[in-house]
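J.: Okay, handing you the structure first.
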Amino acid sequence: MRKRETASAKTRRFISNTIVHVCLAVLAVIWLFPIFWVILTSFRAEKGSYVSSFFPKSYTLDNYKRLFTDTTILNFPQMFMNTLIIAIFCAVISSFFVLSVSYCMSRLRFKMRKPFMNLAMVLGLFPGFMSMIAVYYILKAIGLSEGSMIRVALILVYTGGSGAGFYIAKGFFDTIPKALDEAAYLDGATKFQVFTKVTIPLSKPIIVYTILTSFMAPWLDFIFAKVICRADAKYYTVSIGLWKMLEKEYIDSWYTCFAAGAVCVSIPIAILFIAMQNMYVEGMAGAVKG
Amino acid sequence: MSKIAEKLGMKKRVNYFETPYTFRNAMKEGSSDVKISMAVLGFANIKNKQIAKGLLFLVIELAYLYYMFTNGFHCIAMLPSLGTREAEKVWNEAKGIYEYTAGDNSILILLYGVVTVAITLVFAVFWKSTVCSGYKAEYLKARGMRVSTFVEDVKDLFNKNLHKLLMFLPFTGICVFTILPLIYMITMAFTNYSKEGNHLLLFDWVGFENFARVLNFGGKIGKEFWSVLGWTIIWAVFATGLNYIFGMILGIVINRKGTRFKAFWRFCFVLSIAVPQFVSLLIMRTCLQPQGAINVLLQNAGLTDHALPFLTDATWARVTVIVINCWVGIPYTLLQVTGILQNIPAELYESARVDGANAFITFFKITLPYMLFVTLPYLITQFTGNVNNFNVIFLLSGGAPTPVGSTSGKTDLLVTWLYKLTIDQQYYNLGAVIGILTFVVLAIVALSTYRNTGAYKNEEEFM
């Protein structure tokens, strides 16, 4: 009696496990389908967005070659460089802003602290680019909307408001034991020294996380770049370039190149993202263990 | 009064930062030096041996006054009318051609006006703090205490006043690139700045007229507004709710005891968010077109005989964007909840099993309430994020399908409609109104819930 019960429980468990794994496999396929699709398309030899079969009829590397050599209409290498330069500046400036503000919010006590936190929360409720037009006019008024100043303008736009996004780093700093700070103060350290010599060295995961997120922002943003660059194709970032390739006049000849470009942008971003994920998890776990 | 406040649950505010050097004390007890330094900034500081500091104050005051007399007053004076001179054709006798005189440009007048008002407000705050600083120097000197030197003040920036040093640049950035543009945009809501009636160059204040137009049920814009608002809320509720529940179920399924290769499954789903959103969304958009890959493949497989209107029929499009958003959002939820799910005490599940509850009941009676309790702030952020979810709608459907003669499409959210109204159609005033109304909707939802969550209330008391 008892044995049969365990046997039937075993089969039941086996069946439910099988169902779960099959479901997970199906879901994983659905989730990975677009990625798989774009990789296939980037090697597709037939041009145009119209396809008649899932797998390409013949494979080629020409799409990648054309993406990096055909610079007459859509200059992808230049877009790539533009984005890279902007991203590097963003990473440095935004990280500095975010880390300073987070440290102040977490460790220093001053009159404007709570009001500032409330302000940051309220600002977060406005639609992000509601002010976009206004920012554009402000940049125009200080002469940053033309020519090579567009790059400076984009850097300013991406970094300007970054100080308001301090929540995650503040949460991390909150986990560093205050006793460490107090010990340093007893040894005669100033607050600045505590910040640079105690807090920063203990915060590697969150620093890497902050740098990576701010580095990725210009690669992922589409709308700010579009409003600020307008028609000036010389200063396009990759996201506008890829968007352009799918416009009606380009899609037929550029669709497969778009896929190649998408792969080129996605691979570094995906690697950074997965690296960042580990840092994020580590950061959430707190600074000093035990 | 205080009793009412207590009943409302408000605590009496305790000011931990009280000093005797307040502005009121400076007015009441400051000597004539302090009073003079209200007009000549830094006078009291200079008198009390803080010469460098006092001179610095004075220089800033002079710079402000110089700006105001050369530009500032003119800018403010132009604000009420926002400019009246139109660009005119003038016959130039000498050259024998028509020349255009530069007319007023209201948008610039408004910008300079707003900036000047902002500078004046900043200066007012600065002015108040210099008076207090002068009074402090005098106060300390009168009581025979040390008055800090300029070098000491600079050193203090790295110690006692570190927050001023660290916050200065980030805060300036926020002011210039977030707050100032917002104020500027908000002022636009009260003007007739739009292509209607040729008001792109010269426009005037119209008070609350735009708000009345947008909120009016009867008008054309009003009807669009209420239907877009309705869809925005439906979208936000579904997008947030479905992502949350399905993400959690996925998390539970991956974490359950019998599942193998947990890390592999998680990696599969995380990989889909590692790809930039605009890439995956643009691919989906091309695949979902009537002539796109999915339709072609379905037809070739003989599953349908005509193209499915994924993004061309209103109802189809609405369902499609919600489903695609699940594709985008579920992995995020999975990442967020995995850790928390493991923290749910196992005893709860065991006792539920003893009581004979099945998986379904356990989920709705144990997992969901526990998760809701812990992740409410996250859920609210998600909700506001979805109301403002520009990317998914703009890149996927672009708001389409758009009825003829309408400014908004059937899948347009308030934000994407705002984008269309301003960038494409140049109804800047209506765009600004919609931005403000979006904020109001979000503020009501967020503040009423967020402020009541534990995470906000217990953000550690002062230590």
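Values in this text are rule-based calculations from the coordinates and carry no lab data. These numbers come from a predicted model, not from an experiment. In this analysis, Cβ positions are derived from the backbone assuming ideal geometry, glycine residues included, and neighbour counts consider all displayed protein chains.
J.: In the range A:20-172, if every C-alpha pair distance is counted and binned at 5 Å from zero, what percent goes to each bin?
T.: 1, 7, 10, 11, 11, 11, 11, 12, 11, 8, 4, 2, 1, 0
J.: DSSP loop (so not H, G, I, E, B), at most 16 other Cβ within 10 Å: list which trypsin sites (Lys or Arg not before Pro) in the range B:122-172 pass both filters. Please list the in-between numbers first.
T.: On the way: sites: B:Lys128, B:Lys136, B:Lys141, B:Arg143, B:Arg146, B:Lys155, B:Lys160, B:Lys164; in loops: B:Arg143, B:Arg146, B:Lys160.
Within the range B:122-172, the qualifying trypsin sites (Lys or Arg not before Pro) (loop, at most 16 other Cβ atoms within 10 Å) are B:Arg143, B:Arg146, B:Lys160.
J.: Cross-link candidates for B:Lys257: which aspartates and glutamates have Cα within less than 16 Å, leaving aside residues fewer than 8 places away along the same chain?
T.: Once the sequence-local aspartates and glutamates are set aside, what remains near B:Lys257 is B:Glu347, B:Glu350.
J.: Please compute the modelled spin-label separation between A:Glu282 and B:Glu347, points set 7 Å along Cα→Cβ, answer in nm with one decimal.
T.: 3.5
J.: Calculate the translational D of the range B:19-64 in whole µm² s⁻¹ from Stokes-Einstein, where the hydrodynamic radius comes from the Kirkwood formula applied to all Cα pairs, the temperature is 20 °C and the viscosity 1.002 mPa s. The partial results should precede the final answer.
T.: On the way: Rh = 10.8 Å.
Diffusion coefficient, whole number: 199 µm²/s.
J.: For the range B:290-351, just run the numbers: alpha carbon Rg, then divide by 2.2 N^0.38 Å, N being how many residues it has.
T.: Values: Rg = 19.4 Å, N = 62, 2.2 N^0.38 = 10.6 Å.
It is 1.84.
J.: Let me ask something additional. Note down the nm distance, to one decimal, between modelled labels 7 Å out along Cα→Cβ at B:Thr449 and at B:Tyr67.
T.: 4.2
J.: Same structure again: In a solvent-free Debye calculation with one equal scatterer on each Cα, what is log10 I(q)/I(0) for the protein assembly as shown at q = 0.08 Å⁻¹, listed in the order of the q values?
T.: Once normalised to I(0) and log-transformed, intensities are -0.82.
J.: Still on this model: Return P(r) of the range A:74-284 (all Cα-Cα pairs; 10 Å bins starting at 0; whole %; ordered from short to long distances).
T.: Answer for the range A:74-284: a P(r) of 8, 28, 31, 21, 9, 3, 0 percent.
J.: Using a Debye calculation, one point per C-alpha and no hydration shell, please list log10 I(q)/I(0) for the range B:2-156 at q = 0.11, 0.17, 0.20, 0.21 Å⁻¹ in order.
T.: Taking Cα atoms of the range B:2-156 as identical point scatterers yields -0.67, -0.99, -1.14, -1.20.
J.: Take the Cα coordinates of the range B:210-457, assign each an equal point scatterer, and use the Debye formula without solvent to give log10 I(q)/I(0) at q = 0.07, 0.12 Å⁻¹.
T.: -0.31, -0.84
J.: Right, something else. Give the separation of the Cα centroids, the range A:107-150 to the range B:50-120, in Å.
T.: Distance between centres, Cα-based: 23 Å.
J.: Which aspartates and glutamates, if any, have their Cα less than 20 Å from the Cα of B:Lys195, not counting same-chain residues under 8 positions apart?
T.: List returned: B:Glu86, B:Glu88, B:Asp104, B:Asp204, B:Glu209, B:Glu224, B:Asp424.
J.: Within the range A:105-141, which residues have the backbone N less than 17 Å from the label spot 7 Å out from A:Gln78 along Cα→beta-carbon, could you tell me?
T.: Label zone hits: none.
J.: I'd like the Kirkwood hydrodynamic radius of the range A:2-62, using the inverse of the mean 1/r over distinct C-alpha pairs, in Å. Display every interim value, and only then the final one.
T.: Values: mean 1/r = 0.0668 Å⁻¹.
Computed over the range A:2-62, the radius equals 15.0 Å.
J.: While we're on this one: Run the paramagnetic zone check for B:Phe208: 7 angstrom along Cα to Cβ, then residues of the range B:419-441 with backbone nitrogen under 18 Å.
T.: B:430, B:432-441
J.: Give me the inter-chain shielding for A:28-38: mean count of other chain Cβ atoms within 10 Å, whole number please.
T.: Taking all residues of A:28-38 together, the mean is 6.
J.: Sticking with this structure for a sec: Can you figure out the FRET efficiency of B:Phe264 with A:Lys10, using R₀ = 25 Å and their beta-carbon distance, to the nearest 0.05?
T.: On the way: r = 25 Å, r/R0 = 0.99.
Working from the Cβ atoms, E equals 0.50.
J.: Hey, another quick one. What translational diffusion coefficient, in µm²/s and rounded to a whole number, does the Stokes-Einstein relation yield for the range B:301-404 at 25 °C and a viscosity of 0.890 mPa s, taking the hydrodynamic radius as the Kirkwood radius over Cα pairs? Don't skip to the answer; put the middle values down first.
T.: Working: Rh = 17.0 Å.
It comes out at roughly 144 µm²/s.
J.: Okay, next question. Place a point 7 Å from Cα of A:Lys65 in the direction of its Cβ. Which residues in the range A:254-269 have their backbone N less than 20 Å from it?
T.: A:254-264
J.: Another question, then. Sum up the charges of everything whose Cβ sits under 14 Å from the Cβ of A:Leu144, counting Lys and Arg as +1 and Asp and Glu as -1, but leave A:Leu144 out. All intermediate terms of the calculation are to be shown ahead of the outcome.
T.: Numbers: positive: A:Lys140, A:Arg151, A:Arg230; negative: A:Glu146, A:Asp232.
Summing Lys/Arg as +1 and Asp/Glu as -1 gives +1.
J.: Can you give the FRET efficiency for A:Ser58 and B:Ala357, using 1/(1 + (r/R0)^6), R0 = 51 Å, r = Cβ-Cβ distance, to the nearest 0.05? Before the final figure, lay out each step's value.
T.: Numbers: r = 57 Å, r/R0 = 1.12.
The formula returns an efficiency of 0.35 here.
J.: Set the Förster distance to 56 Å, then compute FRET efficiency between A:Met112 and B:Asp305 from the Cβ-Cβ distance, nearest 0.05. The partial results should precede the final answer.
T.: Numbers: r = 66 Å, r/R0 = 1.18.
FRET efficiency, A:Met112 to B:Asp305: 0.25.
J.: Taking the Cα centre as origin and putting +1 on Lys and Arg beta-carbons and -1 on Asp and Glu beta-carbons, what dipole magnitude results for the protein assembly as shown, to the nearest 20 debye? Before the final figure, lay out the partial values.
T.: On the way: 68 positive and 43 negative charges, 493 e Å.
For the protein assembly as shown, the charge dipole is close to 2380 debye.
J.: Please compute the length gained on full extension between B:Arg146 and B:Ala77, using 0.36 nm multiplied by the number of residues separating them and subtracting their Cα-Cα distance.
T.: 20.2 nm
J.: Now a separate question. Between Rg and the Kirkwood Rh of the range B:91-245, both from Cα atoms, what is the Rg to Rh ratio?
T.: Ratio of gyration radius to Kirkwood radius for the range B:91-245: 1.20.
J.: Sort largest first and round to whole Å: the equivalent ellipsoid semi-axes of the range A:82-162, each the square root of five times a Cα gyration tensor eigenvalue. Walk me through the numbers on the way to the answer.
T.: Working: eigenvalues 146, 58, 20 Å².
Values for the range A:82-162, descending: 27, 17, 10 Å.
J.: Let me ask something additional. Cα-Cα over 23 Å: which of A:Lys47/A:Lys248; A:Lys140/B:Lys95; B:Lys49/B:Lys128; A:Lys178/B:Lys164?
T.: The pairs that break the limit, which is 23 Å between Cα atoms, are A:Lys140/B:Lys95.
J.: So, one more: I want the local charge near A:Ile85. Using Cβ-Cβ distances under 14 Å, sum +1 for each Lys or Arg and -1 for each Asp or Glu among the other residues.
T.: Charge balance in the 14 Å sphere: +2.
J.: Okay, next question. Expressed in nm², what is the orientationally averaged projection area of the convex hull enclosing the Cα positions of chain B? The partial results should precede the final answer.
T.: Values: hull surface 152.3 nm².
The orientation-averaged projected area of the Cα hull of chain B comes to 38.1 nm².
J.: Turning to a different aspect of this structure: For helix B:428-450, report the angle its Cα long axis makes with the longest principal axis of the Cα atoms of chain B; keep it between 0 and 90° and round to the nearest 10°.
T.: Approximately 80 degrees, to the nearest ten.
J.: Calculate the tail of P(r) for the range B:402-447: the fraction of all Cα-Cα distances greater than 16 Å, expressed in %. Kindly include the intermediate steps, with their values, before the conclusion.
T.: Details: 412 of 1035 pairs.
Here the long-distance tail beyond 16 Å is 40 percent of all Cα pairs in the range B:402-447.
J.: Sticking with this structure for a sec: Starting from the Kirkwood radius over alpha-carbon pairs of the range B:130-213, derive D by Stokes-Einstein at 37 °C in a medium of 0.692 mPa s and give it in µm² s⁻¹.
T.: In µm²/s, the coefficient rounds to 188.
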